[in-house]
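J.: Please find one structure pasted underneath; my questions will follow.
The values are calculated or read from the model by the stated rules, or taken from the named source; none is laboratory data. Everything numeric here is computed off the predicted structure, so don't read it as measured data. Neighbour counts run over all protein chains shown; Cβ positions are idealised from the backbone, glycine included.
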Amino acid sequence: ISSDRKFLAACDDSGAIKIIDLTKQKLAKILTKHTSICTSVKFRGKNSTEILSGGLDCKVFRFRWKPGTLLKSYNTNKNSGSSVQIVNPPHIHKIDISKDGNFATVAVGDGSVSIIDLSRDTNTDISDAHLGSTSQVCFPRFGSGNQVVSGGNDGQIKLWTMKKYKHNRTIGELSACIDHGSKINWLSTIDGSSFGNLFVADQSKNVFSYEIL
């Protein structure tokens with residue numbers, strides 16, 4: 001849902017992205033750039049005119065959705081340095097956008113995590129972030145806003161801190177690791193509560209809570 005709560009973006013197995021006008025309760029736009037299943041779509045923070053999408057075609061697309069303009073594409077299959085790619089293709093499983101809309105993070109099937117600096121149009125891969133496919137990523141609602149949480153099929157949950165490196169490129173440094181022990185299906189965060197600030201859904205019927213910095 002867009003930050004102004006006026007539009008909803010949905011993707012499906014045909015690869016199509018549908019933008020629904022919630023105020024008029026009708027379809028506003030269909031985007032058909034993906035050549036395989038589209039697995040994730042997200043509005044760019046407060047900039048509700050842009051969306052990012054990813055799919056099993058190993059592509060991330062950045063659109064200005066109202067005119068249907070493709071602004072940028074990223075290919076996760078082009079320069080993968082992950083050692084687990086042979087058995088885990090670099091399909092895209094999840095995209096999340098930082099609250100300020102300046103960064104995107106991508107969960108990639110080869111076990112890596114991509115961080116895209118949308119303001120500078122650069123991207124950095126954290127290769128071998130997980131020993132299996134990276135299934136989930138999110139920008140946590142707690143902390144300073146420069147962190148990414150990832151979860152994988154290896155049952156691990158990792159907290160990465162984004163830092164500036166040479167030529168203003170953003171890199172991710174590992175700050176914490178939780179051995180959850182089961183495949184991560186979903187991650188969600190809150191600002192903080194007595195029950196913890198990170199919630200995890202796995203292959204069981206339970207939802208788990210962790211307290212992390």
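J.: Is it the case that Phe103 is surrounded by 21 or more Cβ atoms within 10 Å (Cβ to Cβ), modelled with pLDDT of 95 or more and within 15 Å of the chain's Cα centre (by Cα)?
T.: no
J.: Another one. Would you check which residues across segment 110-139 are in a loop (DSSP other than H, G, I, E, B) and surrounded by fewer than 22 Cβ atoms within 10 Å (Cβ to Cβ) and list them?
T.: Ser119, Arg120, Asp121, Ser127, Asp128, Leu131, Gly132, Phe139
J.: Considering segment 144-161 alone, what residues qualify as being assigned to a loop (DSSP other than H, G, I, E, B) and surrounded by fewer than 18 Cβ atoms within 10 Å (Cβ to Cβ)?
T.: First, pick out the residues of segment 144-161 that are assigned to a loop (DSSP other than H, G, I, E, B): 144-146, 153-155.
Result: Ser144, Gly145, Asn146.
J.: Okay, moving on. Cβ-Cβ under 6 Å, sequence separation 6+ or interchain: first residue in segment 22-34 and part of a loop (DSSP other than H, G, I, E, B), partner surrounded by 11 or more Cβ atoms within 10 Å (Cβ to Cβ) and basic (Lys, Arg). Which pairs?
T.: Leu22/Lys6; Thr23/Lys6
J.: Let me ask another. Being touching a Phe, Trp or Tyr at 6+ places or on another chain (Cβ under 9 Å) and among the hydroxyl-bearing types (Ser, Thr, Tyr) is the filter here; which residues of segment 31-74 pass it?
T.: Ser48, Thr49, Ser53, Thr69, Ser73, Tyr74
J.: Right, something else. Would you pick out the residues in segment 32-47 that are of a type in the set (Val, Ile, Thr) and closer than 15 Å to Arg64 by Cα?
T.: Step one: list which residues in segment 32-47 are of a type in the set (Val, Ile, Thr), which gives 32, 35, 37, 39, 41.
Residues satisfying the conditions are Thr32, Val41.
J.: Residues being surrounded by 13 or more Cβ atoms within 10 Å (Cβ to Cβ) and either among the β-branched types (Val, Ile, Thr) or over 24 Å from Ser119 (Cα atoms) (or both): count how many of those fall in segment 15-37.
T.: 12
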